[in-house]
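Structure, as structure tokens:
The values are calculated or read from the model by the stated rules, or taken from the named source; none is laboratory data. Bear in mind that the values here come from a model prediction, so they are computed numbers and not experimental data. Cβ: placed from backbone, ideal geometry, glycine included. Neighbour counts: every protein chain shown. Surface accessibility is based on the protein's heavy atoms, side chains included, excluding ligands, DNA and RNA. Shrake-Rupley method; radii C 1.70, N 1.55, O 1.52, S 1.80 Å.
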Amino acid sequence: MSSSEHNENSEHTNPAVDGSELIKFDNVTKRFGSKVVLDNLCFDVSSGKHVTLIGPSGSGKTTILRLLMTLMKPEEGTIKVGGHYLTHEEKGGKLVPAGEKHIREVRKNIGMVFQQFNLFPNMKVLRNLTEAPVHVLGLSKEEAEQRARELLELVGLTEHIDKYPSQLSGGQQQRVAIARALAMRPQVLLLDEVTSALDPELVAGVLDVLRDIAHTTDITMLCVTHEMNFARDISDDVLMFDAGRVIESGAPEKIFSDPEHERTREFLGAVL
Amino acid sequence: MTSGLWELVLKGIWITVQLTVFSSALALAVAFAFGILRTHRLWIVRFLAGCYIEVFRGTSALVFMFWIFFVLPLMFSYQLVPMWAAVLALGLTYGAYGAEVVRGALQAVAPAQREAGVALSFTRGQQLRKILIPQAWPEMIPPFNNLSIELLKGTALVSIMGVGDTAFAANLVRLALQESAEIYTYTLLIYFVLAFVISRGMRALERKAKAGIGRPMEKPAARKPGAGVLQMLKKVDGKAVDPQHAGTRARSAGGDA
Ligand SMILES: Nc1ncnc2c1ncn2[C@@H]1O[C@H](COP(=O)(O)OP(=O)(O)OP(=O)(O)O)[C@@H](O)[C@H]1O
Ligand SMILES: [Mg+2]
């Protein structure tokens, strides 16, 4: 299930960081009550890769991202990010549940963009982008503002720097949210259906920004999307989920045009 | 009414104002402290904070005031002056009510906001300070408005302990002048005016707080008689508006927008 077999398909690969497993799920099980959402899940994402998760509703895609963001904890198994255990710590040769500080340290490598943007309504755009870099990473205010301006330019919102989120359209808010996540200079960007709360005419703008980021940076991306064209454009690897397991994975060309599994074929038939 | 009596009443009003301000300040601190503890991740902390709130909501501020004034000295051989005993009793009691307001408002902030805070690796304290409290604050103000008016009226309890507040002074004046009806009416009016001032102040605070999270309060133009006209004059920008036609301002304000 490793994505490393598909190196030759990738044009976005940064050779310097390629090959190392940046994210590694090892026999991760997540249950809600008696419902098993992730079932001994194993997969990994190599540094610099863009991996898309597809699968029917309720198959556990969001759960994977929320586990990575430590918004929930797995019942069993371990998750590693950049070689460090995310929810565990090694103490005296044993794995113990990690403390708050350790989790925060590992999580700094991960950025997330939410379906509903979740900008901070009490802060103007600039402060949405500088607050965490200043108070979490310890950047100086000038540095953080400089970085924020560059990112706002990247997402094409320079003129809105002094507005509150409520004064922006959904598409603009989502682009600010992307900039906010990037301001932390994460190694991994998690994207959970970032365009599905948007009006149709605003979707393209957001996807363009993400394509731009995918093609010009070496950030690792793990995204859940129903935009199959977008997935085909940016992905090195596509993982098809069903019932808490990866049932098929491979390069987008392969998965989208010639899937092996019946379930994948059915699913793609329904969404394409 | 003689000037001596006037002085008595003014002093009484001043004491009422002081009691209200000091007790409110204490109540606000208590409300935030215990309201935040009520949302703590450890159940034992939530439980203890809950105990405090239940005890102080469930006991009478007046009895508590007496207790502080008369019983505490027996236990610690230290007696607070009645004024501070009253501030303590009122502050702790209304703080307990306020704590529930704070807890409710904090919990009403969308959970996704906290999640966004987690995603940016803010510590719990930072999430609280930078995200949750600023967003919950505007929601707290209207119930705080109610509580501070309740507290203002609650300060009249101190007159029983012989503190010379408005109610106490009014009673003396009433005895001196033998004019019960009139004096009681004036006393009501004084409290009403004080409550009105608090209410207006809190409305202004609410407006400011909402603007601070990019959610300006939809302001019914006809609500503020004086200021409404002034604003109208500013709004039409030079074009004279006859104040006599203030009655039509709702319509013209609508046309303006
Ligand atoms: N907090 C929760 N409590 C209970 N059940 C949950 C919770 N979160 C998710 N689930 C369940 O876990 C399953 C997987 O949910 P998840 O959100 O990961 O699916 P998904 O693949 O993202 O689906 P979609 O495409 O609809 O977003 C669903 O059946 C959902 O009902
Ligand atoms: Mg989902």
Practice problem: Report the local net charge at residue B:18: Lys and Arg +1, Asp and Glu -1, summed over other residues whose C-beta lies under 13 Å from its C-beta. | Solution: 0
Exercise. At 7 Å along the Cα-to-beta-carbon direction for both residue A:26 and residue A:268, put a label point, then send me their distance in nm to one decimal.
Key: 3.3 nm
Quiz prompt | In Hz, Karplus ³J(HN,Hα) per residue of region B:54-65 (6.51, -1.76, 1.60; θ = phi - 60°; x = Gly, Pro) | solution = 4, 4, 7, 6, x, 10, 7, 4, 5, 4, 4, 4
Practice problem: Please get the size of the charge dipole for region B:86-171, origin at its Cα centre, with Cβ charges of +1 on Lys and Arg and -1 on Asp and Glu, quoted in debye to the nearest 20. | Solution: 320 debye
Quiz item: Hey, how many Å between the Cα centroid of region A:227-272 and the Cα centroid of region A:188-204?
Solution: 19 Å
Exercise. State which entries of A:24/A:73; A:73/A:254; A:49/A:108; A:101/A:124; A:49/A:80; A:163/B:208 exceed 25 angstrom in Cα-Cα distance in the structure shown.
Key: A:73/A:254; A:101/A:124
Exercise. Using just the helices of the protein assembly as shown, give the 222 nm mean residue ellipticity in deg cm²/dmol: DSSP H runs with n ≥ 4 each add -39,500 (n - 2.57), and the total is spread over all residues, rounded to 500.
Key: -16500 deg cm²/dmol
Exercise. Determine the share of the protein assembly as shown's accessible area contributed by carbon and sulfur atoms, expressed in whole percent, with a 1.4 angstrom probe.
Key: 57 percent
Quiz item: For the protein assembly as shown, with only Lys/Arg (+1) and Asp/Glu (-1) charged at the beta-carbon, what is the dipole magnitude about the Cα centre, in debye rounded to 20?
Solution: 2460 debye
Quiz prompt | Packing-based order for A:161-174, A:120-133, B:22-35, using average beta carbon neighbours within 10 Å, highest first | solution = A:120-133, B:22-35, A:161-174
Practice problem: For residue A:201, put the label point 7 Å out on the Cα→Cβ axis and report which residues of region A:156-189 keep their amide N under 11 Å from it. | Solution: none
Exercise. Using the Cα centre as the reference, give the magnitude of the dipole from point charges on the C-beta atoms of region B:3-211 (Lys, Arg: +1; Asp, Glu: -1; all else neutral), rounded to the nearest 20 debye.
Key: 900 debye
Quiz item: If you plug each phi of region A:133-138 into the Karplus form 6.51 cos²θ - 1.76 cosθ + 1.60 with θ = phi - 60°, what whole-Hz ³J(HN,Hα) values come out, in order, with x for Gly and Pro?
Solution: x, 6, 8, 9, 8, x
Quiz item: In whole Å, how far is the Cα centre of region A:94-169 from that of region B:116-190?
Solution: 39 Å
Self-check item: 5 angstrom amide H check on residue A:163, placed H, neighbours 5+ away
Solution: A:125, A:126
Self-check item: Low-density loop positions, GluC sites (Glu not before Pro), region A:212-260 - DSSP coil, at most 14 other Cβ in 10 Å
Solution: A:260
Exercise. Place +1 on the Cβ of every Lys and Arg and -1 on the Cβ of every Asp and Glu in region B:63-203, take the dipole about the Cα centre, and give the residue among B:101, B:88, B:121 whose Cα lies farthest towards its positive end.
Key: B:121
Quiz item: Of all GluC sites (Glu not before Pro) in region B:140-218, which ones are in loop regions per DSSP and have a Cβ with at most 11 other Cβ atoms within 10 Å?
Solution: B:218
Quiz prompt | Within region B:60-159, trypsin sites (Lys or Arg not before Pro) in DSSP loop having at most 11 other beta-carbon neighbours inside 10 Å | solution = none
